[in-house]
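Visitor: Okay, handing you the structure first.
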Amino acid sequence: MSRPEAGDTTGNRRLKSPLPNLGLEPGDVGVVVHVYANAAAYEVEFLSLDGNTIGVVTVEAADLRQASGRAVLHERELSTI
């Protein structure tokens, strides 16, 4: 999959590494809200299914992958932090 250009704020990304401070696990999907220079990192918003923001965090490109439009989302309860 190609990486978006800097400034491209489209698309969903799946975590490849956990973000334990937010209770997020590999495979959790977030929405790109900003792409840093050279697409080295992304600002990603993670939401619960009821639309509440779990967190907005900067994630290195190596810790994300493009979410496939053919992927099936999986529900799980967010761990209490």
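Any read-out appearing in this document is the output of simple, stated calculations on the displayed coordinates, not a laboratory observation. Just so you know, these numbers come straight off a predicted model, no measurement behind them. Every residue, glycine among them, receives a Cβ derived from its backbone with ideal geometry; neighbour counts consider all protein chains shown.
Visitor: Can you sort Tyr36, Tyr42 from fewest to most other Cβ atoms within 10 Å of each residue's own Cβ?
Guide: Lowest to highest Cβ neighbour count: Tyr36, Tyr42.
Visitor: Under the rule a/c < 1.5 gives rounded, and otherwise a/b versus b/c splits prolate from oblate, where does region 12-53 land using the Cα gyration tensor? Can you show the working numbers first?
Guide: On the way: a/c = 2.20, a/b = 1.42, b/c = 1.55.
Taking the square roots of the gyration eigenvalues as a ≥ b ≥ c, region 12-53 is oblate.
Visitor: Over the chain, one equal point on each Cα, no solvent: what is log10 I(q)/I(0) by the Debye formula at q = 0.14, 0.20, 0.21, 0.27 Å⁻¹?
Guide: Here log10 of I(q) over I(0) equals -0.42, -0.87, -0.96, -1.50.
Visitor: All other residues with a Cβ under 12 Å from the Cβ of Val57 taken together, and with Lys, Arg as +1 and Asp, Glu as -1, what is their net charge?
Guide: Working: positive: Arg13; negative: Asp28, Glu43, Glu45, Glu60, Asp63.
Computed value for this residue: -4.
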